[in-house]
1. Can you name every residue in segment 101-131 that is open to solvent by less than 40 Å² (accessible area, probe 1.4 Å) and touching a residue at least 60 places away in the same chain (Cβ under 8 Å)?
2. Do you know which of the residues in segment 39-60 that are under 22 Å from Ala142 (Cα atoms) and open to solvent by less than 30 Å² (accessible area, probe 1.4 Å) is modelled with the lowest pLDDT?
3. Being without any contact (Cβ under 8 Å) to a residue 60 or more places away in the chain and aromatic (Phe, Trp, Tyr) is the filter; apply it to segment 61-86 and report the residue that is most open to solvent (accessible area, probe 1.4 Å).
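The values are calculated or read from the model by the stated rules, or taken from the named source; none is laboratory data. Predicted model only: the values in this text are computed from it and were never measured. Positions of Cβ are generated from backbone atoms using ideal geometry, with glycine treated the same way; all protein chains shown enter the neighbour counts. Accessible surface is based on the protein model in full, side chains and every heavy atom, while ligands, DNA and RNA are left aside. Shrake-Rupley method; radii C 1.70, N 1.55, O 1.52, S 1.80 Å.
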Amino acid sequence: MNETGRARKGKRTQIAGQFAWRLVEMMESPAYRALSLSAHRILARLEIEHAHHGGEDNGKLPCTFDHFAEYGIHRHAIAPAIRETVALGFVEVTEAGRAGNAAWRRPTLFRLTYRHTKLTEPTDEWRKISTVPEAEAIADQARKTKHQCRKPHHNSVRKPHHNGEIYGAETITTVHSAETITTSISRGQSLKGNGRDGSAEQAVALDTAAMR
């Protein structure tokens with residue numbers, strides 16, 4: 001600053017610290033104007049994560065429910081807000097997360113559509129929405145849509161470019177172990193050894209049907 005209080009020549013475009021840029025065109029768009037407060041916070045937290053990665057790794061930005069909750073988003077609002085940002089074209093879920101123990105657990109990975117990746121230019125899907133009423137209807141529908149799964153408290157988001165598949169932000173995968181099948185075969189052999197009708201294969205089939 002000089003004595004008159006004006007910025008010195010050549011310093012007007014400098015910012016003292018990290019910053020997150022957004023196109024004015026994007027902020028004026030119908031899709032952006034339809035975003036809820038929670039959805040705005042989702043974008044802000046992902047931009048912070050992008051900055052923490054040195055402006056790299058867009059498309060591989062890891063963020064967990066805990067990260068979003070620590071940033072001030074109510075836990076029950078996180079999944080609907082993620083679905084909203086995806087539906088309005090600002091975010092893509094590139095890899096679904098997985099809950100479980102430390103060895104099994106992994107965070108969901110995100111891409112900001114209005115930022116570059118190492119291989120691609122911004123895709124800006126938000127441009128496809130032309131009116132505010134259209135954007136509001138899309139956002140409202142996305143917030144209400146819930147994935148019906150074994151664990152109903154795990155909400156979900158739809159991953160673009162994958163037809164008909166819905167991914168949970170923190171998904172639990174159930175695997176039938178070899179131990180279960182072995183137990184079923186043992187039961188079948190026991191039945192046969194006792195002279196009762198049935199075989200090991202029938203016991204496996206019955207147990208498998210019961211698990212469905």
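1. Thr108, Phe110, Leu112, Tyr114, Arg115, Asp124, Trp126, Ile129
2. Residues of segment 39-60 that are under 22 Å from Ala142 (Cα atoms), as a first pass: 39-47, 59.
Of the ones still in play, those that are also open to solvent by less than 30 Å² (accessible area, probe 1.4 Å) are 39, 42-47, 59.
Numbers: Ala39: 98, Ile42: 97, Leu43: 97, Ala44: 96, Arg45: 97, Leu46: 97, Glu47: 96, Gly59: 91.
For segment 39-60, the residue satisfying everything is Gly59.
3. Taking segment 61-86 first, the residues without any contact (Cβ under 8 Å) to a residue 60 or more places away in the chain are 61-63, 66-77, 84-85.
The next check asks that each one be aromatic (Phe, Trp, Tyr); those that pass are 68, 71.
Working: Phe68: 1, Tyr71: 93 Å².
The qualifying residue most open to solvent (accessible area, probe 1.4 Å) is Tyr71.
Here is a yes/no grid of residues against (1) farther than 22 Å from Ala99 by Cβ; (2) in contact (Cβ under 8 Å) with a residue 24 or more places away in the chain; (3) under 15 Å from the mean Cα position of the chain (by Cα); (4) assigned to a helix (DSSP H, G or I):
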| site | (1), (2), (3), (4) |
| --- | --- |
| Leu43 | yes, yes, yes, yes |
| Leu46 | no, yes, yes, yes |
| Ala51 | yes, yes, no, yes |
| Glu56 | yes, yes, no, no |
